[in-house]
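> Below are the structure tokens for one structure; questions will follow.
The values are calculated or read from the model by the stated rules, or taken from the named source; none is laboratory data. Because the structure is predicted, anything quoted here is derived from the model rather than measured. FYI the Cβ positions are ideal-geometry reconstructions off the backbone, even for glycines, and counts take in every protein chain you see.
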Amino acid sequence: MLVNAREMLQKAVKGKYAVAQININNLEWAKAALTTAQEQNSPIILGVTGGAAKYMGSFGTVAAMVKAMDKAMGITVPVAIHLDHGSYDQCLACIEAGFTSIMFDGSHLSFDENLRKTSDMVQLARKNGMTIEAEVGAIGGEEDGVIGNGDIADPTECEAIAKLGVDFLAAGIGNIHGVYPENWTGLDFDILEKIGQVTGGIPLVLHGGTGIPVEMIQKAISLGVAKINVNTECQLAFAAATRKYIEDGNDQKGKGFDPRNLLAPGANAIKQVIKEKFELFGSVGKA
Ligand code: 13P
């Protein structure tokens, strides 16, 4: 059932668990995510980056596919289709395309511009019945092979952005997209706690969910994180299972080359990762 992410995240804050944002990259990803959410009776947020949308055709292609799939599969658990790290124009395109939720990421702009543009987007999201996520303090990640530590968000800036009426807030607390480097120093819980204290209990979002140790996930949830984004881990699991299928020669046996067979182990591997995330984040049975 396609919905915006407001109610599912408010329930998560109250119930001290987190909803998984699983980024989707193609039909297999979307199907694996919807199937697992239904099987586990868990709410889910399907994240779509601009790059993934371009790969699939457009934001409209993704929205139409997810909507049709949700209906055809008889999905009854709450599902939000959410723009991940959107620019101003991408937010507008997703409003047009029928997404139920958007993220406006102005973390790379000056704070004043981030504030102004986020404020505009909050009004537009409201008008269209959508939820909106904003970001303060850029999330780190790999760029041209260089791994940088994520920025640490300024709690005062988080407070100002939260006051605009955003539904949930991503704040950099040392989290990074992709695989964490050996020398990663971990999440900054002092900052997370301060951000939680000044943002009036709005759901906080933890990006870079791949590879964060269990105790850190649990602590983050206890401090107000109610949405955790995962992308790379599903990609790694998909690639490993597909590699094994081919290395075992299965594509050369019978109809093993049929994409419906060839991609099945990868899709099952994604389902397994998602199930583990639901269990770890505590959202099983919370639909
Ligand atoms: P990972 O790819 O590190 O799991 O991060 C996903 C994410 O934060 C999407 O916004």
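> Could you please give the count of residues in segment 72-94 that are surrounded by fewer than 19 Cβ atoms within 10 Å (Cβ to Cβ) and either β-branched (Val, Ile, Thr) or within 16 Å of the ligand (Cβ to nearest atom) (or both)?
Of the residues in segment 72-94, 2 are surrounded by fewer than 19 Cβ atoms within 10 Å (Cβ to Cβ) and either β-branched (Val, Ile, Thr) or within 16 Å of the ligand (Cβ to nearest atom) (or both).
> Name the residue, out of Gln38, Gln21, that is outside any loop (DSSP other than H, G, I, E, B), more than 16 Å from the ligand (Cβ to nearest atom) and under 28 Å from Ile221 (Cβ atoms).
None of the others qualify; the one that does is Gln38.
> When you scan segment 24-35, how many residues do you find that are surrounded by fewer than 23 Cβ atoms within 10 Å (Cβ to Cβ) and not in a helix (DSSP H, G or I)?
2
> Restricting the first residue to segment 179-192 and requiring it to be within 15 Å of Thr210 (Cβ to Cβ), which pairs with a second residue that is more than 16 Å from the ligand (Cβ to nearest atom) meet a Cβ separation below 8 Å and a spacing of at least six or different chains?
If the second residue must be more than 16 Å from the ligand (Cβ to nearest atom), the pairs left are Leu187/Lys219.
> Need a quick list: strands (runs of 3 or more DSSP E) entirely within segment 46-138 having at least 2 residues that are among the hydrophobic types (A, V, I, L, M, F, W, C) and at pLDDT below 95.
Passing ranges: none, list empty.
> Ile176 - would you say it is within 16 Å of the ligand (Cβ to nearest atom) and either touching a strand residue (DSSP E or B) at 6+ places or on another chain (Cβ under 9 Å) or among the small types (Gly, Ala, Ser) (or both)?
Yes; evaluated as a whole, the condition is true for this residue.
> If you don't mind, another one. Can you tell me which of (1) closer than 21 Å to Asn4 by Cα; (2) within 15 Å of the ligand (Cβ to nearest atom); (3) of a type outside the set (A, V, I, L, M) is the one His108 doesn't meet?
Unmet for His108, out of (1) closer than 21 Å to Asn4 by Cα; (2) within 15 Å of the ligand (Cβ to nearest atom); (3) of a type outside the set (A, V, I, L, M): (1).
> Also, I was wondering about something else. Scan segment 183-240 for residues that are within 12 Å of the ligand (Cβ to nearest atom), out of contact with any strand residue (DSSP E or B) (no Cβ under 8 Å at 6 or more places or on another chain), assigned to a helix (DSSP H, G or I) and not acidic (Asp, Glu) and jot them down.
Thr232, Gln235, Leu236, Ala237, listed by residue number.
> Moving to a separate point now. Of everything in segment 244-287, what is among the aromatic types (Phe, Trp, Tyr) and either under 26 Å from the mean Cα position of the chain (by Cα) or in a helix (DSSP H, G or I) (or both)? Give them in sequence order.
The answer is Tyr245, Phe278, Phe281.
> Another one. Please indicate, with yes or no, whether at least one residue in segment 141-164 is modelled with pLDDT under 95, touching a His at 6+ places or on another chain (Cβ under 8 Å) and within 13 Å of the ligand (Cβ to nearest atom).
Yes, segment 141-164 contains at least one residue that is modelled with pLDDT under 95, touching a His at 6+ places or on another chain (Cβ under 8 Å) and within 13 Å of the ligand (Cβ to nearest atom).
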